[in-house]
Every structure is written in structure tokens, then in C-alpha cells.
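Peer 1: I'd like to ask you about the structure that follows.
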Amino acid sequence: MTDDWAPVERDALPGGPDATVERLETLLARLAALPAVEARVVAEEVVSTLLELYGEALARIVALIERRAGGDVVHDLAADGVVASVLLVHGLHPVDLRTRVEEALDEVRPYMASHGGAVELVSLEGDVARLRLLGACHGCPASRQTLEQAVHDALDAAAPDLLGIEVEGLAGAAPTSGPVPVTLTTSGEAGPARTGGAT
């Protein structure tokens, strides 16, 4: 890693990355709703082919950075939430899923401890994290919800590619069909991911 390396400054995405993702999801929904089946199939194939091309280009960029500047630079890039999201889409994130989950739980543990709670990673199988929540501050009606939300936010930022989250002692959410995190709720309802991540 070179000492003088720094990311190129550029204008932020209009409205931020979350707004861009929402716009993309809207466009994809409109594409899926097109009445002309053939046009829809061709458009979806165009999008898929572009993603493959961008993924190949990104893989070559990452490989070149690792050879010329070292893996530390790639890790620095992955610390940006937007970059991390793109790396995850193409399977290029430098940190494996288990490590990211464990690091996210480590980051949230001090906060949970301050509320009399704790969290343990029981297992990670099939990209589904099984957790155990322990304790809660007595006399605090929203304490369990607060702890659940803290865990969700931490995993949302660090491991948006989790397929599901199951929590012992609660009605855990079932694995989803795509690489999105699951909101931890006592009713087991799943919520969509945010893409901002940790920066």
C-alpha cells in the first residue's frame, strides 16, 4: 500500500446512494410490468449483460490494485458503503461473510451491554445467521425492540448479503430469496436493506 494513495474526489450521487437504489428498484419494477414480453426479456438481458461486463472490469481493477498497492487498499475501499455494495454484488468483497458478521456484532456489543443485553452468533449456515439475544434492561418496555434494532442496523451495514437472520427466543425471520438483510421483529416480518453501510 502506498502512503500517498487516496480515493479520487467526485460529486456525490444525486440524493445519495439510497435514493439511487430506490430509483433503480422503481425502474426495475416498471421494466417487469411492461406488457410486451419480448421487449421485457431483451431489456432484462441487456441489464444482466452490462452487470457481467462491469463485474469483469471491476474484478480486473481489484486484482490490479492488489498487485500494485496491496490488499489494504481494497479493504479501505470496501469500508465505503457504496463501494462495498458493488463489490458484494460481484462477489469481490475482501472480507468473508462470517468475519463481517462477527465484527458487526463486536461493534454493537458495548451498546447492548449498556442496556443490560448481549448477543451471540450461534451459527452461520447457508448465509443465514442464527443469533441468541441475552438479557434486557428491566423496567424498559422498548428494551428488546431497541436491542433487536441495534443488531439489525449493525448487520445491515456490514453484511447486507445475509440471506436471513434467525433469533433464538423470538419468532425469527425465514430466509429470503435474495441477498438482503432481514429486519428483526417479534412478528418475524422482513424488511428491506439500506445500502449506505459503514463509511
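Read the figures in this text as sums done on the coordinates, not as results from a lab. Not measured: the values here are computed from a predicted model. Using ideal geometry, Cβ is built from the backbone for each residue, glycine included, and neighbour counts are taken over all protein chains shown.
Peer 1: Kindly put Leu64, Leu131 in sequence by how many other C-beta atoms sit within 10 Å of each C-beta, fewest to most. Numbers along the way, then the final one.
Peer 2: Values: Leu64 10, Leu131 24.
Sorted ascending by nearby Cβ count, the order is Leu64, Leu131.
Peer 1: Take Glu45 and Glu102, extend 7 Å from each Cα along the Cα→Cβ direction, and tell me the distance between the two endpoints in nm.
Peer 2: The answer from the label model is 4.5 nm.
Peer 1: Give me the net charge for the shell around Gly117: Cβ to Cβ below 15 angstrom, other residues only, Lys and Arg +1, Asp and Glu -1. All intermediate terms of the calculation are to be shown ahead of the outcome.
Peer 2: On the way: positive: Arg109, Arg132, Arg144; negative: Asp106, Glu107, Glu120, Glu148, Asp153, Glu168.
Cβ neighbours under 15 Å give a net charge of -3.
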